[in-house]
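*Asks:* My questions all concern the structure below.
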There are 2 protein chains.
Amino acid sequence: MSRDVRWSRIAPQQGVGLELRRGATLTVIDTEGGQVADLFCFDRATLTDGLSSGRSIDYNETIALSSGHALYANSGSVLLSILEDTCGRHDFLVTPCSLQMFQMLSASDAYHPSCLENLARAFEPYGIAADRITTTFNIFMNVPVAPDGKIRVLPPTSKAGDLIRFRAETDVVVGLTACSDELSNGGRCKAIEFEIRS
Amino acid sequence: MSRDVRWSRIAPQQGVGLELRRGATLTVIDTEGGQVADLFCFDRATLTDGLSSGRSIDYNETIALSSGHALYANSGSVLLSILEDTCGRHDFLVTPCSLQMFQMLSASDAYHPSCLENLARAFEPYGIAADRITTTFNIFMNVPVAPDGKIRVLPPTSKAGDLIRFRAETDVVVGLTACSDELSNGGRCKAIEFEIRS
């Protein structure tokens with residue numbers, strides 16, 4: 001049986017919007033290593049039932065999602081499952097980087113590209129407002145939690161070629177970025193590649 | 001200067017909707033001890049800019065929010081600040097208990113009251129749909145994170161009379177519950193009291 005395969009690249013500090021039919025796989029590849037990719041998604045049928053970090057953490061009983069875990073929508077339905085994960089270190093605690101965050105950190109009003117802007121642009125054609133984008137699944141992002149609850153954002157542990165493979169468990173609309181935050185990416189924002197098989 | 005004070009009680013497995021004007025304080029009291037209260041809120045001006053666990057964890061740099069921390073909206077604006085906290089143990093990782101969750105855990109389709117239902121009812125008069133209710137700030141909920149990322153839901157550490165006091169940093173609509181989940185509350189669902197000073 002032939003399968004439709006699409007391979008593409010997200011330039012540094014950019015993002016894309018994707019539609020996955022149920023059963024399709026999405027593989028996200030850190031080509032150079034040390035690069036975060038933020039992912040958010042919605043149930044295609046409603047366009048309002050979005051990814052839920054809280055539901056996913058609750059039902060998987062872990063904040064460290066990897067192979068065998070599922071990403072849940074706010075309603076509790078499964079959007080994506082994780083089939084394969086060669087890195088094993090991702091974040092599901094923090095929101096995507098945003099213009100506001102960069103302006104706070106730099107104490108200036110200078111423009112800076114951000115995952116939130118890129119995700120908002122990816123979902124805009126579907127009529128999904130930016131305020132529906134909540135906590136993203138931050139692929140390859142390295143945010144350890146100390147025993148006292150404090151978090152730190154460290155460079156990713158991902159090596160060149162590390163990948164994570166998802167399967168769509170229902171029809172979904174996905175926003176995916178090559179993260180724009182120099183500090184989360186070891187000082188330099190790099191590209192992200194992805195492959196869809198449907 | 002006289003202040004308007006309102007003291008009230010949430011019966012076990014119930015919830016309320018509250019409006020707080022900027023500057024008002026909300027004190028949530030665990031009268032008996034060992035009882036969780038789920039809180040969610042929206043900016044009154046938009047009714048779409050909701051509480052964000054991810055933004056709050058990111059900007060406070062901790063998952064263990066307590067006195068001196070702020071609860072942020074998804075947009076990044078501050079909704080509530082925490083003035084006082086005699087317990088020091090709350091959860092901001094998991095979603096409110098829901099009918100779906102109880103039915104999954106019990107492998108039955110029996111009805112069970114839930115924080116999600118109670119919050120949805122609290123926000124309904126404002127035209128806020130249930131799919132806007134994401135990860136709640138789970139007052140007195142005890143969810144330790146193991147070094148490997150796994151979470152457990154343990155009985156609250158709160159003692160009789162423990163309280164947490166918030167100040168509204170803008171006009172907000174708040175949903176607050178006395179949590180309906182026996183397992184999160186040491187086996188018995190109890191009442192929650194609260195006081196508003198405006």
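The values are calculated or read from the model by the stated rules, or taken from the named source; none is laboratory data. Remember, it's a predicted structure, so these values are computed and weren't measured experimentally. A quick note on method: Cβ atoms are made from the backbone with ideal geometry, for glycine too, and the neighbour counts reach across all protein chains shown. Side chains are part of the model used for accessible areas, which takes the heavy atoms of the whole protein and leaves out ligands, DNA and RNA. Shrake-Rupley method; radii C 1.70, N 1.55, O 1.52, S 1.80 Å.
*Asks:* Could you tell me the calculated FRET efficiency between B:ASP4 and B:THR31, based on Cβ-Cβ distance and R0 = 25 angstrom, to the nearest 0.05?
*Replies:* Step by step, r from the Cβ atoms, then E = 0.70.
*Asks:* Give me the percent of accessible area attributable to carbon and sulfur for chain B, probe 1.4 angstrom.
*Replies:* Roughly 50 percent, rounded to a whole number.
*Asks:* Now, a different point. Using a Cα-Cα cut-off of under 27 Å, which lysines could be cross-linked to B:LYS190, ignoring same-chain neighbours fewer than 8 residues away?
*Replies:* B:LYS159
*Asks:* How large is the charge dipole for chain A, taken about the Cα centre, if only the Cβ atoms of Lys, Arg (+1) and Asp, Glu (-1) carry charge, to the nearest 20 debye?
*Replies:* Details: 18 positive and 24 negative charges, 72 e Å.
Dipole about the Cα centre, nearest 20: 340 debye.
*Asks:* May I ask for the percentage of alpha-carbon pairs in chain B that lie more than 24 Å from each other? Write out the running numbers ahead of the final one.
*Replies:* Numbers: 6579 of 19503 pairs.
Taking all Cα-Cα pairs of chain B, the fraction more than 24 Å apart is 34 percent.
*Asks:* Next question, about the same structure. Per residue, how much accessible surface does segment B:117-157 expose to a 1.4 Å probe? Answer in Å², no decimals.
*Replies:* Each residue of segment B:117-157 exposes 44 Å² on average to a 1.4 Å probe.
*Asks:* If you don't mind, another one. Report the charge-dipole magnitude of segment B:21-115 in Debye, nearest 20, computed about the Cα centre from +1 at each Lys and Arg Cβ and -1 at each Asp and Glu Cβ.
*Replies:* Working: 5 positive and 11 negative charges, 59 e Å.
So the dipole magnitude of segment B:21-115 works out to roughly 280 debye.
*Asks:* Along the charge dipole of chain A, which of A:VAL28, A:ASN118, A:SER108 sits closest to the positive end, that is, farthest toward it, with unit charges on the beta carbon of Lys, Arg, Asp and Glu (+1, +1, -1, -1)?
*Replies:* The listed residue farthest towards the positive side: A:VAL28.
*Asks:* Let me know the whole percent of all Cα-Cα pairs from the protein assembly as shown that are separated by more than 32 Å.
*Replies:* More than 32 Å apart: 31 percent of the Cα pairs in the protein assembly as shown.
*Asks:* Which cross-chain or sequence-distant (5 or more) residues have an amide H under 5 Å from the amide H of B:ILE10, H modelled 1.01 Å from N in plane?
*Replies:* B:ILE192, B:GLU193, B:PHE194
*Asks:* Right, something else. 7 Å along Cα→Cβ for the label point: how many nanometres lie between B:SER106 and each equivalent label in the other copies, listed shortest first?
*Replies:* With the label placed 7 Å along Cα→Cβ, B:SER106 yields 5.4 nm.
*Asks:* Give the cross-link partners of B:LYS150 among the aspartates and glutamates, using a straight C-alpha distance below 13 Å as the criterion and excluding same-chain residues fewer than 8 apart.
*Replies:* Candidates past the 8-residue exclusion: A:ASP58, A:GLU61.
*Asks:* Hey, another quick one. May I ask which residue of B:SER66, B:ALA146, B:ILE196 lies farthest towards the positive end of the charge dipole of chain B, with charges of +1 (Lys, Arg) and -1 (Asp, Glu) on Cβ and the Cα centre as origin?
*Replies:* Checking the options against the dipole of chain B, the answer is B:ILE196.
*Asks:* Given a 10 angstrom Cα cut-off, can you work out which residue in A:GLY33, A:GLY149, A:GLY68 is the most mobile in a GNM of chain A?
*Replies:* Comparing A:GLY33, A:GLY149, A:GLY68 in the GNM, the peak value goes to A:GLY149.
*Asks:* Where the centroid of each part is defined by its Cα atoms, how far is segment A:58-130 from segment B:66-135 in Å?
*Replies:* So the two Cα centres are separated by 20 Å.
*Asks:* Out of every Cα pair in segment A:156-198, what percent are spaced more than 12 Å from each other?
*Replies:* When all Cα pairs of segment A:156-198 are counted, 71 percent exceed 12 Å.
*Asks:* Report, in debye and to the nearest 20, how large the dipole of segment B:89-198 comes out about its Cα centre when Lys and Arg carry +1 and Asp and Glu carry -1 on their Cβ.
*Replies:* For segment B:89-198, the charge dipole is close to 360 debye.
*Asks:* Moving on to the next point. Between B:TYR126 and the same site in the other copies, what are the distances in nm, shortest first, taking label points 7 Å from Cα along the C-beta direction?
*Replies:* 2.5
*Asks:* What nm distances, shortest first, do you get from the label point of B:ARG197 to those in the other copies when the point sits 7 angstrom along Cα to Cβ?
*Replies:* 6.3
*Asks:* Can you run phi through the Karplus equation (6.51, -1.76, 1.60; θ = phi - 60°) for segment A:179-191 and list ³J(HN,Hα) in whole Hz, with x for Gly and Pro?
*Replies:* 4, 8, 9, 3, 5, 7, 10, x, x, 9, 7, 10, 7
*Asks:* Now for a separate question. With the radius of gyration and the Kirkwood radius both derived from the Cα set of segment A:11-78, what is their ratio Rg to Rh?
*Replies:* Result: Rg/Rh = 0.97.
*Asks:* What length, rounded to one decimal in nm, is gained on full extension from B:ALA110 through to B:GLU84, with 0.36 nm per residue of separation minus their alpha-carbon distance?
*Replies:* Roughly 5.4 nm would be gained on extension.
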